[in-house]
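The block underneath contains the structure these notes are about, expressed in structure tokens.
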There are 2 protein chains.
Amino acid sequence: MSGSKILEPAGAERSQDAGVALWRQVADQLAQAIARGTFETGARLPAEKEIAALYRVNRHTVRRALAALSERGLVRAARGSGTYVEAPRLAYPIGTRTRFSENVGASGRQAGGRLIASAEEPVPPEIAQRLALPRKSLAVRLELMRHADRVPVCVATTWLPAGRFPDAAEIYAAQRSTTRMLAHYGISDYRRVSTRVTAALADIADAARLDLRPGSPILLVDSVDAAVDGTPLLATRSRFAAERIELVFES
Amino acid sequence: MSGSKILEPAGAERSQDAGVALWRQVADQLAQAIARGTFETGARLPAEKEIAALYRVNRHTVRRALAALSERGLVRAARGSGTYVEAPRLAYPIGTRTRFSENVGASGRQAGGRLIASAEEPVPPEIAQRLALPRKSLAVRLELMRHADRVPVCVATTWLPAGRFPDAAEIYAAQRSTTRMLAHYGISDYRRVSTRVTAALADIADAARLDLRPGSPILLVDSVDAAVDGTPLLATRSRFAAERIELVFES
DNA sequence: TTTTATTTGTCCGTATGTATA
DNA sequence: GTATACATACGGACAAATAAA
């Protein structure tokens, strides 16, 4: 193929971008090509030396560009195989009204929640504090697995006061949605009051459940939802597959 | 030492927690001990076999508990040496008024910004879109390094319209703060309009600048700030050291 | 510098209770 | 009811990295 037209390589363009690092120009061009759909999700990019020939740059310059795209999660390099276009991250809006099913559904995807385990046990201290519960009280703990279009998106651990939601596990298992579970208890509306985000590396258990390679980055999200009157309802610790999700906070 | 008192091991407690997985009980106890300050930041926990003896459980059970704490970033295991308490993450509030200097200063730490590179160049397409700039216009790109108490917190790439902020680099270098830089242009107030968060692994360059081990998780934050009238002012792509930072969104 | 002890990481195995098919 | 799979808990052995003698 005459890649010239597909990738719109340097030539005339480059003189215009005088002063911009070469690797950055290459990265921008490749990112545009991916954004335009020239390379679809899962497609293999041309080999590094081919890209280098196309842009008349050294292969190391291409590698620097690909590294930048890789850090942004646009591509993934597989040694001995090639460099592949990653699926675009699913935008996951977070605000006062954060609901998994609605968020995923809004992107035209099929949301799926599944209860993988549950238990009734004393609340861990941090959770008790966040739910404003007495120290020794009981909580229902739900281990949830969430999908979008059959692709695992996150695993989550949710705690609810056992007194108010005694059989939350059964209800969730039947309803397969937090919103519908709460509706079953007469709670027609609730809102996100606190969201804390950091990142870590997936442990083997989460990696397996999220279908990730061990050591993949995950987004750790600690959140609290409350009734409209401010009463804390549930605390959740979610682990999102970072390579598939982008949290969006609109102010 | 008679660790019994320090760690408050099983015994009577455990019968109460009937039905809760043993490793989870151990993890909760250790987390509490850390929260209480029994083990300070940087302190070495007792060896796995000591903890196992203390709680009368198998070493594997202790390892399962430590793995859970490790995923939450509370501890870090070093083979041949021991398991150490990690520093608590610096809470970094994000909202309509997000300012690095204020955020860091609010925690009683000394905020530091440093310009490590700058350039005037055509805006990359995604940035042009986010700043509502014409396709071929020029932008000032600032590469920033941000510290809290001399500890590197994040590296950031900021784009500003070159027309409105022609010598932004010089101003920032002198003011060492985005807020003061904008004030220099007569902008007394601005607000965060969009924040997108995901995670990735640090590349070698960022790892070196953030003083992280290569492969450490980083938080990727894409943000846009605008004037009070809604005019986009700057777009930023920040890379936070995830092990030192927790983004806090209050609704 | 070499040796030795300590500590975490990984692997083998066994057994039990609990869901699920 | 039976068989299967899974999570949990325990026991042992050795490798690999570290730290101290």
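The values are calculated or read from the model by the stated rules, or taken from the named source; none is laboratory data. Keep in mind it's a predicted model, so treat the numbers as computed, not measured. Every residue, glycine among them, receives a Cβ derived from its backbone with ideal geometry; neighbour counts consider all protein chains shown. Each accessible area value is taken on the protein alone, full model and side chains, heavy atoms only, with ligands, DNA and RNA left out. Shrake-Rupley method; radii C 1.70, N 1.55, O 1.52, S 1.80 Å.
For the structure I just gave you, tell me whether residue B:89 is within 16 Å of DNA strand C (Cβ to nearest atom) and open to solvent by 20 Å² or more (accessible area, probe 1.4 Å). Judged against the criteria, residue B:89 is not a match.
Within segment B:34-55, which residues are part of a helix (DSSP H, G or I) and either touching a strand residue (DSSP E or B) at 6+ places or on another chain (Cβ under 7 Å) or more than 11 Å from chain A (Cβ to nearest Cβ) (or both)?
First, pick out the residues of segment B:34-55 that are part of a helix (DSSP H, G or I): B:34-36, B:48-55.
Residues satisfying the conditions are B:34, B:48, B:49, B:50, B:51, B:52, B:53, B:54, B:55.
Residue A:226 falls short on exactly one of the conditions (1) under 19 Å from the mean Cα position of the chain (by Cα); (2) hydrophobic (A, V, I, L, M, F, W, C); (3) more than 9 Å from chain B (Cβ to nearest Cβ), and that condition is (1).
Would you call residue B:87 in a loop (DSSP other than H, G, I, E, B) and in contact (Cβ under 8 Å) with a residue 60 or more places away in the chain?
yes
Checking residue B:19 against (1) assigned to a helix (DSSP H, G or I); (2) within 9 Å of DNA strand C (Cβ to nearest atom), which single condition isn't satisfied? Answer for residue B:19: the failing condition is (1). For residue B:31, the conditions (1) more than 14 Å from DNA strand D (Cβ to nearest atom); (2) over 21 Å from residue A:119 (Cβ atoms); (3) open to solvent by less than 30 Å² (accessible area, probe 1.4 Å) all hold with the exception of (2). Listed by first and then second residue, the pairs with beta-carbon distance under 8 Å, at least 6 apart or on different chains, first residue in segment B:56-74 and within 11 Å of chain A (Cβ to nearest Cβ), second open to solvent by 40 Å² or more (accessible area, probe 1.4 Å) and near DNA strand D (Cβ under 6 Å from one of its atoms), are B:64/B:23; B:68/B:23.
Can you tell me which residues in segment B:59-76 are more than 20 Å from the chain's Cα centre (by Cα) and near DNA strand C (Cβ under 9 Å from one of its atoms)? The answer is B:59, B:60, B:62, B:63, B:66, B:67. Determine, yes or no, whether residue B:230 is open to solvent by 20 Å² or more (accessible area, probe 1.4 Å) and at pLDDT 85 or above. It is true that residue B:230 is open to solvent by 20 Å² or more (accessible area, probe 1.4 Å) and at pLDDT 85 or above.
Per-residue answers, yes or no, for (1) basic (Lys, Arg); (2) in contact with a helix residue (DSSP H, G or I) (Cβ under 9 Å, 6 or more places away or on another chain); (3) without any contact (Cβ under 8 Å) to a residue 12 or more places away in the chain:
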site	(1), (2), (3)
A:132	no, no, no
A:136	yes, yes, no
A:145	no, yes, no
A:181	no, yes, no
A:240	no, no, no
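Answer with yes or no whether residue A:128 is within 14 Å of another protein chain (Cβ to nearest Cβ), within 29 Å of residue B:29 (Cα to Cα), within 16 Å of DNA strand C (Cβ to nearest atom) and not polar (S, T, N, Q). Can you show your working first?
Values: within 14 Å of another protein chain (Cβ to nearest Cβ): yes; within 29 Å of residue B:29 (Cα to Cα): yes; within 16 Å of DNA strand C (Cβ to nearest atom): no; not polar (S, T, N, Q): yes.
Here the answer is no, as residue A:128 does not meet what is asked.
Taking segment B:37-49 as the search range and keeping residues that are within 21 Å of residue B:21 (Cβ to Cβ) and open to solvent by 30 Å² or more (accessible area, probe 1.4 Å), which one is nearest to DNA strand C (Cβ to nearest atom)? Ranking the candidates gives B:48 first.
With respect to being in the same structural domain as residue B:221 (by the TED database) and modelled with pLDDT of 85 or more, residue B:114 fits the description. Within segment A:201-219, restricting attention to residues that are under 20 Å from residue A:159 (Cβ atoms) and touching a residue at least 24 places away in the same chain (Cβ under 8 Å), the residue that is farthest from the other protein chains (Cβ to nearest Cβ) is A:209.
Please note which strands (runs of 3 or more DSSP E) are completely contained in segment B:97-213 and include at least 3 residues that are of a type in the set (Ser, Thr, Tyr) and either in contact with a Lys or Arg (Cβ under 8 Å, 6 or more places away or on another chain) or crowded, with 16+ Cβ neighbours inside 10 Å (or both).
Details: elements: B:111-122, B:138-148, B:151-161, B:190-201.
So the answer is B:190-201.
Filter segment A:153-205 down to the residues that are basic (Lys, Arg) and more than 19 Å from the chain's Cα centre (by Cα) and list them by number. Across segment A:153-205, the qualifying residues are A:164, A:176, A:180, A:191.
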